[in-house]
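J.: Sharing a structure here in structure tokens format.
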Amino acid sequence: MGIELGPYDWAVRCNLMTIRDERLTDFTAGHITSAEGQSLIEAIQATVSDVNIEFHPGVSYRNLMIYRGRPGVTPFTEETVTDPPHDHPGEPAVDHLPRGPGGERLRALMVAGNLVLSDHPVNLARIKAGKPPANAIWLWGQGKAPSVPKFAALHHLKGAIISAVDLVRGVGMLAGWDRIDVPGATGYLDTDYQAKGRFAVLALENHDIVCVHVEAPDEASHEGRHQAKVEALEQIDHEIVGPLREVLEAYDQWRILISPDHSTLLRTRAHDRAPVAWTMAGTGLARSGKSYDEVTARLAGGPFFDSGYRLMERFLDLSWDGRGGS
């Protein structure tokens, strides 16, 4: 989002969500639009913020709270516990409120923010239209600005990141990659897959490595919509992977890697910590299977990487033939 964090500052994720009957009903507030979300967050900023607290609008339900700290004052520690609302759909909100150091402050901010939202014109209009209101903010995922080595210094390659999700864009920017914003990229099922593929192809002209992130399958899983997830994967395959592979094959040396950043299960509608399946094609790699899915990956007993950066090292090593992990 382009917000600079000082050495004593903290960033905290701020979901606009729907809580009904005191349960975590919808962590997206019906995938509220960015314009609606901006109006709500600006109202909270005008009412709840103080010298230490800032609220910043992001994309849809994904927003940000900043705590501006100072030497000797640490509102949060490693013992501070906050729960992602998307991992606890339908569960009592009280069971997952912030706790530990700084927890009381976060809970008070959530209560204050909810009062602002209760009779806001945006929510009154959403209720009238039969849409779920964004009647709560949920603060979680606190952290300080990390120190990340630049990708170019490690691998001597120029990278670009394409994503509608600020978290993913931020990781790419911390690594020194160029941020490419794609018109029509929404971070949801209605994202413009074709535009993402087109911008990725163009990015290859002046970047050595391009990462295209698509949030749609994750969102479909959170909603328990299996057909929507299938359709999202088909769109990714047809509009992004296909065009990229066609262009890559014109290079003397090339590779393509496909992988989720985590598992989100349809049966639970929540994230899962199981290892993810990945597939790779290109220079120096032999064909080892005809399908790409978790079952095939497990049965193949292929390379396993405990740390993701090890996979990146092998991906960039054109002498690696696809065997052996670490």
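J.: If packing is taken as the average count of other Cβ atoms within 10 Å, what order do 287-298, 135-146 fall into, highest mean first?
T.: Ranked by mean Cβ neighbours within 10 Å, highest first: 135-146, 287-298.
J.: Under a point-charge model restricted to the Cβ atoms of Lys and Arg (+1) and Asp and Glu (-1), what is the dipole moment magnitude of the stretch 6-80 relative to its Cα centre, in debye to the nearest 20?
T.: So the magnitude is around 120 debye.
J.: Once you charge only the Cβ atoms, +1 for Lys and Arg and -1 for Asp and Glu, what is the size of the charge dipole of the chain about its Cα centre, to the nearest 20 debye?
T.: 240 debye
J.: Using a 1.4 Å probe on the protein heavy atoms, what percent of the accessible area of the stretch 90-149 belongs to carbon and sulfur?
T.: Carbon and sulfur together cover 61 percent of it.
J.: Report, in deg cm²/dmol and to the nearest 500, the calculated mean residue ellipticity at 222 nm for the chain, where each DSSP H run with n ≥ 4 adds -39500 (n - 2.57) and the sum is divided by the residue count.
T.: About -9500 deg cm²/dmol.
J.: For the chain, with every protein chain kept in place, what is the accessible area per residue (1.4 Å probe, Å²)?
T.: Value returned for the chain: 54 Å² of accessible area per residue.
J.: Using only the Cα atoms of the stretch 219-294, build the gyration tensor, take square roots of its eigenvalues as a ≥ b ≥ c, and label the shape rounded, prolate or oblate: rounded if a/c is under 1.5, else prolate if a/b is larger than b/c, else oblate.
T.: prolate
J.: What shape does the chain take by its C-alpha gyration tensor, where a ≥ b ≥ c are the square roots of the eigenvalues and a/c under 1.5 counts as rounded, a/b above b/c as prolate, and the rest as oblate?
T.: Taking the square roots of the gyration eigenvalues as a ≥ b ≥ c, the chain is prolate.
J.: While we're looking at this one, here's another question. How big is the dipole moment of the stretch 89-219 about its Cα centre under a simple scheme where the beta carbon of each Lys and Arg is +1, that of each Asp and Glu is -1, and everything else is neutral? Debye, nearest 20, please.
T.: That gives a dipole near 320 debye.
J.: Rounded if a/c is under 1.5, else prolate if a/b is larger than b/c, else oblate: which is the stretch 18-71, with a ≥ b ≥ c the root eigenvalues of its Cα gyration tensor?
T.: Taking the square roots of the gyration eigenvalues as a ≥ b ≥ c, the stretch 18-71 is prolate.
J.: Carbon and sulfur: what percent of the stretch 266-307's accessible surface (1.4 Å probe)?
T.: That fraction is 50 percent.
The values are calculated or read from the model by the stated rules, or taken from the named source; none is laboratory data. Keep in mind the model is a prediction, meaning the values are calculated, not measured. Here the Cβ is made from the backbone with ideal geometry for all residues, glycine too, and neighbour counts use every protein chain on show. Quick note on the areas: whole protein, heavy atoms, side chains included, nothing else; ligands and nucleic acids left out. Shrake-Rupley method; radii C 1.70, N 1.55, O 1.52, S 1.80 Å.
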